[in-house]
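Q: Attaching a single structure in structure tokens format; questions to follow.
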Amino acid sequence: MRLRVQRFEPGRDTSPRYQVYELEDPPGQTVLGALFEVQDRQDGSIAFRYSCRGAVCGSCAMLINKVPRLACKTQVSDVMEGATSNLQTFGTIDQDVEDWDPETEILVEPLPNFPVIRDLVVDMTRFWNALEEVEPWMVPAEDPPEGLERPMEHGDVVKLERLVGCILCALCSGSCPIVHDEPDFLGPAALAKARRFYEDPRDVRRDGILEMLYTEEGFEGCDLIYNCVKVCPRNVAPGGAIRKLKKDAAKLPALERGRNGI
Amino acid sequence: MAGSDDFPLSSSTGGFEGARELLAHEVVVIGGGLAGLRAALAAANAGAEVAVFTKVHPIRSHSVAAQGGINAALREDDSVESHAFDTVKGSDYLADQDAVMLLASEAPDRVREMEHWGTVFSRAEDGRIAQRPFGGAGYPRTAYAQDRTGHNLLHTLFETALGQGIRVYEEYFITRIVVSGDRCLGVVALNIREGQLHSIQARSVVIATGGYGRIFDRSTNAVINTGDGASLAYRAGAPIEDMEFVQFHPTTLYGTNILMSEGIRGEGGLLWNGEGERFMERYAPKAMELAPRDIVARSIQTEIDEGRGIDGKPFVHLDITHLGAEHVKERLPGIREICINFAGIDPIEKPIPIQPGQHYSMGGLACDSDGATEVTGLLTAGEAACVSVHGANRLGGNSLLETLVFGRRAGVAAASQAPTAPEPDEALMDVALREEVARMNGILMRPVEERHADLKERLQKVMFEHFGVFRNGPVMKEGLEMVQKIKAALEITGIDYHGSVFNQALVGYLEMESMVELAEVIAMGAIAREESRGSHSRIDFPDRDDERWLKHTFAYVGEDGPIIEYREVTLGHFEVKERVY
Ligand SMILES: Cc1cc2nc3c(=O)[nH]c(=O)nc-3n(C[C@H](O)[C@H](O)[C@H](O)COP(=O)(O)OP(=O)(O)OC[C@H]3O[C@@H](n4cnc5c(N)ncnc54)[C@H](O)[C@@H]3O)c2cc1C
Ligand code: SF4
Ligand code: FES
């Protein structure tokens, strides 16, 4: 099995190059396992992010055979079988890689839509800033009761669980053509997070959240392409959350355009 | 400050520089997991100026992986007393009972506070926080958020910290804790992304760097759990406590050793051996599958060792096929996903192959119940610390709780001490920075004698095979020699990448330094302790020996390796008894 990995060394490379690594038989079954095998035994210079190796921490988002995926959740054998992607393509996802033989090699590239720091490590500043923009913290309706939890309906909890499950891996942002084209668009994960607080009965902001994000940078900027829904490893369906934000916003009478204005 | 003139190696030829800018914060928290973030919030709330330094983004911390839940006596028919008793008994009476009382009594407030900050806990019929039974507990007191409790808690704390504007330096790796006399002055950190070393002055430093599970092969822990903070503090003179007590979780997924939560057994999961027996009948006839972890782990290991694994292989079955698809999907969705993704098995249809694996570090930096270590200005909390509330064996659901209860207490203490700390000593910090720059460049300039990744693999195997579920004097002595050889080999080898930006070879090397240092202490503590207690189970000394060994192990760094001492256990609330389930 061979890995064709995009490499970039700041200060030395002017543009990315590709390096091919030969591996005995698929070690540890996952692409992350294969990358560790390279780093540990062949080439300590290769850089990629990791932590949990169990698809819960969101560190290892990258482009594997032109599909944004978690390296730790992606079985080498599944990639080799070569399920074709049903994503709307753009940017790097669209670019051919010279010499890449999909029959025998797994292609590993950094997550699209983010500047590369080195090899497979990208600069996530834009992602974290977008998250902060949507003010993702609880603003309670009233002071919580002393010495008691606020009661919640089981049904409300179940409704929230999908959105709360987001691991902030940024696969959705890396798959989104709008994130690619519009540098100010907040992106699917941040908007899904906003929806999480909108739907939480304990949060007082409700329509305030809609108003804040009723902008081109916010949910108005989304064209419902749904690449995000297809790549999300946690079934968060951020595109669906954005669609609901749009729908609820449309119901509001004489809604003020958000703070960013359009 | 150390400038590039002093260190002529530039980043294109490889090599590290000291940053000219001196960072200074009143309270510096190392670690962005639950303990670190909770400490930072508490310190900020108490009016201190705080910064968090972490080697990965906070939500990438290992806390995010915790599944089963968090203990607290939330219901009227449960009690703090009963929670404390279960904890002390679970600890095989090695826990300090005053600390345990604090843990149990502050638990309800800490858990409810997380609800107030937004955590979406699973709920019972009456709308209150749902709780499930967990091993070793006399009451179903483990609150949970599906089987993703750590994820939910950590994201909530991160969001709260974001809302409060807590400063986070992410992808900064602490390489040294600077101590002069008996006072901590700050730390030196490697900015992984820029490839520069910084000295960071602080009036109080809180170590919340988590556990060191990756010292062992077959660990449920994140790859980044290498015990850096405890190891650095130890090297800076603070003692580490009870390191020989390492928890082996009974149920980890065969192959990857990803955790199969105790919550699975809490929901009714059954254990079967290769002969179709529910073998727990032989080991804990009353508690069965829900006996405490150390007991279940040993039972499974015995079945495997005696050839009763499934088809003679090193695993047994954890079975939830009888629970029904609905129940599994609602209560254990994360577990189901892991089984499908990492083992190709849907647990609704087929039993899960499991084996014991390293899971939790009971030992850690010795501290009091406000997180204070023996070094002034150096505090600690979370899995990196040893308060000690877990003694010889931690109960499931108590360590998430520990991060919140003692994280908060350490944060408050760090803030309250800060104003009385003497003026920071810039000159000494500068010396420390220069030394660290020279040390890093030394590692870079050495030839690669042996890849540190190979040394790591060797260490992990030695630790699992010689200091695993069952221990034995001669085997351990042989293991210690091997650990010392690995340590010596590491000291003379270099690394194969010399760039400064995101040099993971260097990070890996530094982590390996931490691991091998702690491994030596674990080994020595385990060899010295001639009894079996909790997770420390010796074939040559099968019984607990309160007369000689009802005491904590303290290890200090010495010229030629660790210096071992012993301290009294704080008793007073519960009588020391035999532990039967
Ligand atoms: C799979 C699994 C499931 C678990 N489930 C449960 C459960 O259900 N209930 C329960 O009570 N407990 C559970 N535990 C235990 C519990 O999750 C941990 O003990 C707890 O989360 C530790 O939190 P922490 O904040 O101390 O450390 P961590 O969350 O590990 O955080 C450590 C932090 O330190 C930072 N750090 C480390 N080294 C450095 C360095 N050199 N420089 C800078 N920063 C550094 C890291 O970046 C990280 O932010 C589980 C553990 C595992 C392995
Ligand atoms: S919505 Fe899905 S893809 Fe996007 S960050 Fe969250 S988990 Fe990742
Ligand atoms: S390493 Fe954590 S999600 Fe892949």
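Values in this text are rule-based calculations from the coordinates and carry no lab data. The model shown is predicted, which means the values in this text are computed figures rather than measured ones. Here Cβ is always computed from backbone atoms with ideal geometry, including for glycine, and neighbour counts include all displayed protein chains.
Q: Using a Cα-Cα cut-off of under 17 Å, which lysines could be cross-linked to B:K487, ignoring same-chain neighbours fewer than 8 residues away?
A: Cross-link targets: B:K456, B:K461, B:K477.
Q: Give me the angle, in degrees from 0 to 90, between the Cα long axis of helix B:34-45 and the longest principal axis of the Cα atoms of chain B, rounded to the nearest 10.
A: 60
Q: Turning to a different aspect of this structure: Using +1 on the beta carbon of Lys and Arg, -1 on that of Asp and Glu, and nothing else charged, what's the dipole of region B:443-568 about the Cα centre, debye to 20?
A: The calculated dipole for region B:443-568 is roughly 240 debye.
Q: Report relative contact order for region A:124-259 in percent, whole number only (criteria: Cα-Cα under 8 Å, sequence separation at least 6).
A: 29
Q: Something else now. Give the lysines reachable from B:K551 as a straight Cα distance under 18 Å; neighbours fewer than 8 places away on the same chain don't count.
A: The qualifying lysines are B:K89, B:K577.
Q: Quick one: 3J(HN,Hα) in Hz for region B:560-566, Karplus 6.51/-1.76/1.60 with θ = phi - 60°, rounded, Gly and Pro as x.
A: The phi angles translate into 10, x, x, 10, 9, 10, 10 Hz.
Q: Between region A:64-99 and region B:422-499, what is the separation of their alpha carbon centroids in Å?
A: If you average the Cα positions of each part, the centres end up 38 Å apart.
Q: Angle check, please: helix B:426-445 long axis (alpha carbons) against the longest principal axis of chain B (alpha carbons), in degrees 0 to 90, nearest 10.
A: Helix B:426-445 and the main axis of chain B meet at about 70 degrees.
Q: Are there GluC sites (Glu not before Pro) in region B:26-88 that DSSP marks as loop and that have at most 13 other Cβ atoms within 10 Å, and which are they?
A: Sites meeting the loop and neighbour criteria: B:E76.
Q: Between B:K350 and B:D311, how high is the FRET efficiency from 1/(1 + (r/R0)^6) when r is the Cβ-Cβ distance and R₀ = 25 Å? Nearest 0.05.
A: 0.95
Q: Among all the aspartates and glutamates, which ones have a C-alpha under 15 Å from A:K73's C-alpha, if same-chain residues fewer than 8 places away are not counted?
A: Reachable aspartates and glutamates: B:E337.
Q: From the Cα gyration tensor of region B:296-338, with a ≥ b ≥ c the square roots of its eigenvalues, which class applies: rounded if a/c is under 1.5, or else prolate if a/b is larger than b/c, or else oblate?
A: Prolate.
Q: Separate question: Step through the residues of region A:15-23 one at a time and calculate ³J(HN,Hα) from phi using the Karplus curve (6.51 cos²θ - 1.76 cosθ + 1.60, θ = phi - 60°), rounding each to whole Hz and writing x for Gly and Pro.
A: Here the 3J(HN,Hα) series is 9, x, 10, 10, 10, 9, 10, 9, 10 Hz.
Q: With n ≥ 4 as the cut-off for DSSP H runs, can you work out [θ] at 222 nm for the protein assembly as shown, using -39500 (n - 2.57) per run divided by the number of residues, rounded to the nearest 500?
A: Result for the protein assembly as shown, helices only: -11000 deg cm²/dmol.
Q: Does region B:344-446 come out rounded, prolate or oblate, given a ≥ b ≥ c as the square roots of the eigenvalues of its C-alpha gyration tensor, rounded meaning a/c under 1.5 and, failing that, prolate meaning a/b above b/c?
A: Oblate, because a/c is 1.5 or more while a/b does not exceed b/c.
Q: Where a ≥ b ≥ c are the square roots of the eigenvalues of the C-alpha gyration tensor, would you call the protein assembly as shown rounded, which needs a/c under 1.5, or, failing that, prolate if a/b is larger than b/c, or oblate?
A: Rounded is the answer for the protein assembly as shown, as its axis ratio a/c remains below 1.5.
Q: Another question about this same structure. For the charge dipole of region A:2-121, defined by +1 on Lys and Arg C-beta atoms and -1 on Asp and Glu C-beta atoms about the Cα centroid, which residue among A:L32, A:V20, A:G58 has the Cα displaced farthest towards the positive pole?
A: The Cα lying farthest towards the positive end belongs to A:G58.
Q: A follow-up question, please. Rounding to the nearest 20 debye, state how big the charge dipole of chain B is about its Cα centre with +1 on each Lys and Arg Cβ and -1 on each Asp and Glu Cβ.
A: Rounded to the nearest 20 debye, it is 900 debye.
Q: In whole Å, how far is the Cα centre of region B:181-259 from that of region B:503-581?
A: Taking the Cα centre of region B:503-581 as reference, the centre of region B:181-259 is 16 Å away.
Q: Every cysteine in chain A with no other Cys Cβ under 4.7 Å from its Cβ, please list them in numeric order.
A: So, A:C60, A:C72, A:C166, A:C169, A:C176, A:C222, A:C232.
Q: Normalised by the number of residues in chain A, what is the relative contact order in percent for Cα pairs under 8 Å and 6+ residues apart?
A: Relative contact order here is 17 percent.
Q: Relative contact order of chain B, please, whole-number percent, based on alpha carbon pairs below 8 angstrom and at least 6 residues apart.
A: 22
Q: Pick out, in residue order, every one of the trypsin sites (Lys or Arg not before Pro) in region B:253-288 that is DSSP loop and has at most 14 other C-beta atoms within 10 Å; say none if there are none.
A: B:R278, B:K286
Q: Quick one: plug the Kirkwood hydrodynamic radius of region B:186-299 (C-alpha pairs) into Stokes-Einstein at 10 °C, 1.306 mPa s, and report D in µm²/s.
A: In µm²/s, the coefficient is 91.
Q: Please identify the trypsin sites (Lys or Arg not before Pro) of region B:406-468 that satisfy two criteria: DSSP loop assignment and at most 11 other Cβ atoms within 10 Å. Which are they?
A: Qualifying residues, ordered by number: none.
Q: Could you state the angle between the C-alpha long axis of helix B:293-305 and the longest principal axis of the C-alpha atoms of chain B, as a value from 0 to 90 degrees rounded to the nearest 10?
A: Once rounded, one gets 80 degrees.
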